[in-house]
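Report on the following structure.
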Amino acid sequence: MTLPKYVEDARILTQKERMEGVFEIIVSSEKIAAEAKPGQFVQLGLPEGETILRRPVGIAARDEEKKRLTFFYRVVGHGTGLLASHQAGDNLSILGPLGHGFSMEAKRPLLVGGGIGLSPLLSWAQAFPGRADVLMGGRTAVELFWQEDFRPFVREIHITTDDGSLGTKGFTVAILPELLQKNSYDCVMVCGPERMMRAAAEIAQKAQVPCQVSLEKRMACGLGACLSCSVDGQDGRRRKVCKDGPVFWAEEVFP
Amino acid sequence: MNDLLETELCGIQMKTPIFTGSGTFGFGEEFADFVDLSRIGGVVVKGTTLLPRRGNDGIRITETPSGMLNCIGLENPGVEVFLRETLPRISKYHMNVIVNVSGSSVEDYGKLAEMLDVEGVSAIELNISCPNVKEGGIVFGTDPKAAAAVTKAAKEKTKKPVIVKLSPNVTDITEMALAVEGAGADMISLINTLMGMEINIHTWKPTLGNITGGLSGPCVKPVALRMVWQVASKVRVPVIGMGGITTAEDAVEFFLAGASAVAVGTVNFADPAATMKIADGLECYLRQKGLSHISELTGKLDLTF
């Protein structure tokens, strides 16, 4: 089932750089803020003439009453660089809500994220306060500014850093087996670099905990038309990240 | 009813002479939240082949100055799945469905034309110009004899109007146009994408998985307009002009250059309602100019100085 999608003007309410190259942006939105589900995304358009294509951005939080949406993005190229140059009061265009999000049935999930991948996971935590734990990883402590965003909504925060400057030293997934053994999670929801997602999915499978992954691909339309973002499914059929995902059950897209 | 834009081409009744570019509009259904699909003159669906194709690996799109490169590689479920699943599913939108087809041999085009000679298909567009797959027709699109052979093969196997979509990656586009017209093409559409590439200066590798890709968007509009003008001046069959059309004003230029209809492509990605805005804008333009029908613009380029 596909719900209606909208194109809305979105005025920038605040934009701040949370760490070098990573921005949090809050924009006005009525319909999308009212209807978006955790894990869905929007196609964000810059003011006319700045770019040809929209850019896909995961929804990190929504506020139906205040009519707002929050996104995080990392400056990786021309489009995100231009986005970072805009200020409160400037107008963007958003198309959404797009795609399929994370399971709404989970009662006690573990959210696993690295870098900007923590953004869509935050939307789940915010939608179901007090249910999830989060395992977040980064290279150094600076990259874990996300703690303060998750804290109001989750029970436990587990942290890893590559250099040991915060939490457990090592890769994020290194402590996943232990966490899955000690707790009775009913779902693992992962978003981050593909290698991390594949490793997490394998660990979750061994522990027999259902696992969802949120994939990222370049896309033009976000509506399932351009086929820029297609990936192989395990059954041999192709999947479109924009429409069939971005969130998939791990066994649907990973071997 | 909007008689300013109502058009009939080769027996196809259209509320507007605005088509969608193949590969930019899926099967139409993806855009149902944003447009009245029955108001689009022809929804040209994603390139279809005899057998399913998974398309190219690696990065498939990248934005370029005022445009984009793509190398999707004709990913599609194949003509049988299209006929069995897609066509019945989209019939509820009452749109003119035009099926864009690609083959790797002359016989493939004949076979596809025959299989698609069914109710619910308004016309067939022969893609002899996909730059992104070896067998995607480009060999037929750069050789006038091969282009004529493909056109003839399709015409012999279907009663539907046959549109031939030309590649701009040729020395003389009019030679190709005359060849397919001579072989029986009912309409000619142009241009397909221009072959291009982008290199990542940090990795020294091509951005696109297929190394090269097809360039589209506003940056190609002047080239497209010039080619539409050249072709429309030479052929008698209707020309569908496309290449970077983003606004109604862009569309007006193509009509003046000789197009009987236009197709809208890359802009659908940025604004899914673009086709409707262009239709509204064309009506507005015609009223302002005191014209009673869009056909009064076709080929009216004034070359007196």
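The values are calculated or read from the model by the stated rules, or taken from the named source; none is laboratory data. Not measured: the values here are computed from a predicted model. Because the Cβ atoms are built from the backbone with ideal geometry, glycine has one as well, and the counts that use them run over all protein chains shown. The protein model used for the area step is the full one, side chains on, heavy atoms only, and it has no ligands, DNA or RNA in it. Shrake-Rupley method; radii C 1.70, N 1.55, O 1.52, S 1.80 Å.
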Any idea what diffusion coefficient the protein assembly as shown gets from Stokes-Einstein, in µm²/s, Kirkwood Rh on alpha carbon pairs, 37 °C, 0.692 mPa s? 132
Just in the stretch B:115-216: which trypsin sites (Lys or Arg not before Pro) are loop by DSSP and have at most 10 other Cβ atoms within 10 Å? B:LYS134, B:LYS159
The helix A:194-206 Cα axis meets the longest alpha-carbon principal axis of chain A at an angle in degrees, between 0 and 90 and rounded to 10, of 40
Report the rotationally averaged projected area of the stretch A:15-162 based on its alpha-carbon convex hull, in square nanometres. 8.7
Per the 1.4 Å probe, what fraction of the accessible area of the protein assembly as shown, in percent, lies on carbon and sulfur atoms? 52
Förster radius 35 Å - calculated FRET efficiency between A:PHE145 and A:GLN208 (Cβ-Cβ, nearest 0.05): 0.55
Arrange the peptides B:68-78, B:237-247 so that the one whose residues have, on average, the most other Cβ atoms within 10 Å appears first. B:237-247, B:68-78
Among B:LEU112, B:LEU291, B:LEU282, which one shows the biggest mean-square fluctuation in a GNM of chain B, springs joining Cα atoms closer than 10 Å? B:LEU291
Expected max-MSF residue from B:SER22, B:SER122, B:SER91 in the GNM of chain B (alpha carbon, under 10 Å) is B:SER91
Chain B - percent relative contact order, Cα under 8 Å, separation 6 or more: 18
Environment charge at A:ARG108 (Cβ cut-off 12 Å; Lys +1, Arg +1, Asp -1, Glu -1): -1
Cα gyration tensor of the stretch B:7-296, axes a ≥ b ≥ c as square roots of the eigenvalues: rounded (a/c below 1.5), prolate (a/b > b/c) or oblate? rounded
Kirkwood Rh, Cα Rg: Rg to Rh for chain A? 0.95
Find the Cα radius of gyration of the stretch A:109-253, compare it with 2.2 N^0.38 Å by division, and give the number to two decimals. 1.04
Over the whole of A:210-220, what's the average partner chain Cβ count within 10 Å per residue? Rounded to a whole number, please. 2
Inter-chain shielding metric for A:84-91, i.e. average beta-carbon neighbours from other chains within 10 angstrom, reads 0
Average beta-carbon neighbours from other chains, 10 Å sphere, peptide A:223-236: 6
Give the whole-number value, in cubic angstrom per residue, of the convex hull volume spanned by the C-alpha atoms of the stretch A:6-98. 85
So, by mean Cβ neighbours within 10 angstrom, what's the order for A:79-88, B:184-193, A:132-141 with the highest one leading? B:184-193, A:132-141, A:79-88
Quick one: accessible area per residue over the stretch A:6-98, 1.4 Å probe, rounded to a whole number of Å²? 44
